Every structure is written in structure tokens, then in C-alpha cells.
Amino acid sequence: MSHSHHVGMSYVDHNNTMPPSQHHPMTSAPHSHGGGAGDMMMMPMTFYFGFKNVELLFSGLVINTAGEMAGAFVGVFLLAMFYEGLKIARESLLRKSQVSIRYNSMPVPGPNGTILMETHKTVGQQMLSFPHLLQTVLHIIQVVISYFLMLIFMTYNGYLCIAVAAGAGTGYFLFSWKKAVVVDITEHCH
């Protein structure tokens, strides 16, 4: 396959673990989109297992050794675990911060044609309160972390993808087992 149309392009070697046809180009300065740092690496579009020239979220954070990849794996794993823990912590905090309680009763058909009254509890919270402000800040942190994890996965580096998935799974296993599951026995459409 000829790559003569890539004038001014060089190719990144991801630890020689990819077939030559899948090496990813780096644009030279005339094709760069800002930053002024010269060459800009293009994102790989296939999964690979390597540890040379792997950019992790920021241009200055480049993995070049097996030790750096191991450290990045642990860091990403912990970040994904933290993300899962944060989701559960926010749910728990929300349950604890509910302030207004309202009861609604509605008639439901009972056995032998009788009418039963079913009561539902509705809870809410005030917008201008410390718990809601804290929830908002934690939500922002959760969204930023979720985008970081998505971008890490989108490096298509197999090691980092495994770290994201394994960290999220471990975090869910550790933090979600206490999560209360409410089952409505009157619900007939599952």
C-alpha cells in the first residue's frame, strides 16, 4: 500500500506490536492544529498492545516504558474504581439529604372487588441548600472523570482499556453490593 500521499508524515512505532499497515501517522508542523509543539500524534483507530509513545490524556503525559504503562494501568484502574464509588456515594448522600416528604394515597382494586388505599411517599430536596450544592459539585467531578475514562479507553491501547473495564467492574463489585434495591410487589409489568 503506497503512502506517498502523506507528504510530511512520519509514523509512530507502538513497540512494534502492530502490523506495519496499522502504524499511525504523525502530522508535521504545517498540518498541526495549534500547540506550537511541532508534531501532533493522530489517534489510533484499532486496538493494540504496546507501551511506546502512548499519550495519556495530555500531550506531556506520554508512556514509553513497561514500568510507565504498569503505573498508568494502576492509576487508571483506581480512577475507574473511584468513579464507581463516587456514583454510589452520591446516591447515598442524596437519600440522606431528602428534606420534604409528601404522602399520596390512591385507590387500587383489591381481592373480591374491594378497594384498597395504596400510599406512596414522595421525597424531594431544596434547590438552595448545602446538600444540593454538594451534589452539584460531585456531579461535575463525576462527569469529568467519566469523560477522562472514555478518552483513556479511546486511546485503543489494550492495557489501558482493560484497566478501565477491570477498575469499573471491581469498583461496582466493592461499592454496589450495599445498594438498596426496591422491589414493588404490586408492579406487574417487569
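The values are calculated or read from the model by the stated rules, or taken from the named source; none is laboratory data. If you're wondering where the values come from, they're calculated on a predicted model, not measured in any experiment. Ideal geometry is used to build each Cβ from the backbone, glycine not excepted, and the neighbour counts take in all protein chains shown. Note: accessible area is taken over every heavy atom of the protein model, side chains too, but ligands, DNA and RNA are not part of it. Shrake-Rupley method; radii C 1.70, N 1.55, O 1.52, S 1.80 Å.
Hey, could you check the range 156-190 for residues that are modelled with pLDDT of 90 or more and not in a helix (DSSP H, G or I) and say which is surrounded by the most Cβ atoms within 10 Å (Cβ to Cβ)? Working first, answer last.
Of the residues in the range 156-190, the ones modelled with pLDDT of 90 or more are 156-174.
Remaining after also requiring not in a helix (DSSP H, G or I): 156-157.
Numbers: TYR156: 16, ASN157: 26.
Among those residues, the one meeting the criterion is ASN157.
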Which numbered condition PHE73 misses (of (1) at pLDDT 90 or above; (2) open to solvent by less than 40 Å² (accessible area, probe 1.4 Å)): (2)
